[in-house]
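Trainee: Below: one structure in structure tokens.
The values are calculated or read from the model by the stated rules, or taken from the named source; none is laboratory data. It should be emphasised that the depicted structure is a prediction, and the values quoted were computed from it without experimental measurement. Cβ sites come from the backbone with ideal geometry, for glycine too, and all protein chains shown count toward neighbours.
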Amino acid sequence: MTEKEQTNRAWYIGAKREEVGKAAILVGDPARIARIAEHLTDVHFVPENRGLKTVTGTRAGQRVTVSAFGMGAPIATIVLHELHALGISTFLRIGTAMAVRPARLGDFVLADGALRADGTSNTYAPLGFPAIADFELNTALRNRLTTSGRPWHAGIYGTYDGFYTEMFGLSGERREMIGKLKDDIQRLGLIGTDMETSALLTAARILRVRASTLCVATVDAETQAKIGDDEMAVLEREMFEIALDVCASLAARA
């Protein structure tokens with residue numbers, strides 16, 4: 001690939017500058033790309049590259065891109081970084097998070113910031129640098145969540161790299177929350193945990209773009225209860241609508 005081609009086409013996600021919009025939604029599960037595309041018009045699917053799927057469509061007159069990173073902070077920040085290089089300046093990660101009270105299964109959980117227990121964010125800024133969500137983006141999300149009629153909570157996420165070493169240990173068929181995570185939740189008042197948010201918020205600040213995370217609480221931290229598939233399907237569609245409305249509104253102001 002020539003230097004000019006590298007400038008015009010993202011290395012890993014394979015998208016060209018003309019294939020992306022003004023705002024981007026980042027999702028983990030690649031299967032969500034086809035489902036969220038149903039909420040857009042004038043849809044264009046970017047050819048899949050390295051298992052990374054991306055789609056761009058129109059919402060309220062604005063072009064919005066949705067890209068799937070799979071799982072974990074390293075790939076999530078690669079996708080954000082490449083989309084930023086193509087000209088996008090607003091990023092919203094949507095997906096699932098572990099519920100920590102007061103959040104309960106089925107509630108929406110908005111990140112105001114995140115505990116940086118991941119490793120990827122350290123490559124963008126020293127550990128003392130805060131992982132904070134964009135104020136304008138979160139204001140728009142708060143306003144939209146208020147009109148949704150669904151319970152929602154905002155606060156600090158905890159972001160960890162090792163699912164089975166830092167978050168849940170496996171013992172036969174039983175998963176148990178690891179002690180340090182329990183301590184962090186109780187001592188720091190975390191409202192949800194994931195594997196991406198702190199890295200995305202840190203990278204976005206360094207790149208001078210806006211970012212936040214909005215998730216559905218799908219696993220109860222204490223009981224290990226998991227939300228049902230039918231309820232999750234309904235909540236996912238609502239999450240798509242909220243995310244697309246907010247991203248389109250901010251894109252219109254750009």
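Trainee: Read through the list (1) of a type outside the set (Phe, Trp, Tyr); (2) surrounded by 18 or more Cβ atoms within 10 Å (Cβ to Cβ); (3) over 22 Å from TYR124 (Cα atoms), then give the number of the only condition that ALA76 fails.
Mentor: That leaves (3) as the condition not met.
Trainee: While we're on this one: Look at GLY169 and say whether it is of a type in the set (Gly, Ala, Ser), modelled with pLDDT under 90 and over 16 Å from ALA99 (Cα atoms).
Mentor: When the stated conditions are applied, GLY169 passes them.
Trainee: I'm trying to understand the selection: among the residues of the stretch 126-172, which are assigned to a helix (DSSP H, G or I) and free of Cβ contacts under 8 Å to residues at least 24 places away in the same chain?
Mentor: PHE135, THR139, ASN143, THR146, THR147, TYR164, THR165 - these are the residues of the stretch 126-172 that are assigned to a helix (DSSP H, G or I) and free of Cβ contacts under 8 Å to residues at least 24 places away in the same chain.
Trainee: Quick one: which residue in GLU82, GLU48 is over 15 Å from the mean Cα position of the chain (by Cα) and buried (at least 20 other Cβ atoms within 10 Å of the Cβ)?
Mentor: Just a single option satisfies the conditions, and that option is GLU82.
Trainee: Report the residue count in the stretch 125-157 for those that are under 13 Å from LEU214 (Cα atoms) and hydroxyl-bearing (Ser, Thr, Tyr).
Mentor: Adding up the residues that qualify gives 2.
Trainee: Which ones in the stretch 77-125 are β-branched (Val, Ile, Thr) and without any contact (Cβ under 8 Å) to a residue 40 or more places away in the chain?
Mentor: Answer for the stretch 77-125, where residues must be β-branched (Val, Ile, Thr) and without any contact (Cβ under 8 Å) to a residue 40 or more places away in the chain: just THR123.
Trainee: Oh, and also: Output the number of residues of the stretch 186-215 satisfying the condition of being buried (at least 21 other Cβ atoms within 10 Å of the Cβ) and part of a helix (DSSP H, G or I).
Mentor: Going through the stretch 186-215 one residue at a time, the tally reaches 8.
Trainee: Regarding the stretch 98-106, can at least one residue be identified that is in contact with a Cys (Cβ under 8 Å, 6 or more places away or on another chain) and surrounded by 24 or more Cβ atoms within 10 Å (Cβ to Cβ)?
Mentor: no
Trainee: State all residues of the stretch 85-97 that are crowded, with 20+ Cβ neighbours inside 10 Å and either within 11 Å of GLY192 (Cβ to Cβ) or of a type in the set (Gly, Ala, Ser) (or both); if no residue qualifies, say none. Before the answer, list the steps.
Mentor: Filtering the stretch 85-97 down to residues crowded, with 20+ Cβ neighbours inside 10 Å leaves 86, 88, 90-97.
GLY95, THR96, ALA97, listed by residue number.
Trainee: Could you list all residues from the stretch 127-144 that are closer than 14 Å to ALA251 by Cα and surrounded by fewer than 17 Cβ atoms within 10 Å (Cβ to Cβ)?
Mentor: Residue satisfying the conditions is GLU136 alone.
Trainee: Take the stretch 145-154 and flag every residue that is surrounded by fewer than 17 Cβ atoms within 10 Å (Cβ to Cβ) and not basic (Lys, Arg).
Mentor: Result: THR146, THR147, SER148, GLY149, PRO151.
Trainee: Tally the residues that are surrounded by fewer than 24 Cβ atoms within 10 Å (Cβ to Cβ) and among the small types (Gly, Ala, Ser), restricting the search to the stretch 64-73.
Mentor: Counting residues in the stretch 64-73 that are surrounded by fewer than 24 Cβ atoms within 10 Å (Cβ to Cβ) and among the small types (Gly, Ala, Ser) gives 2.
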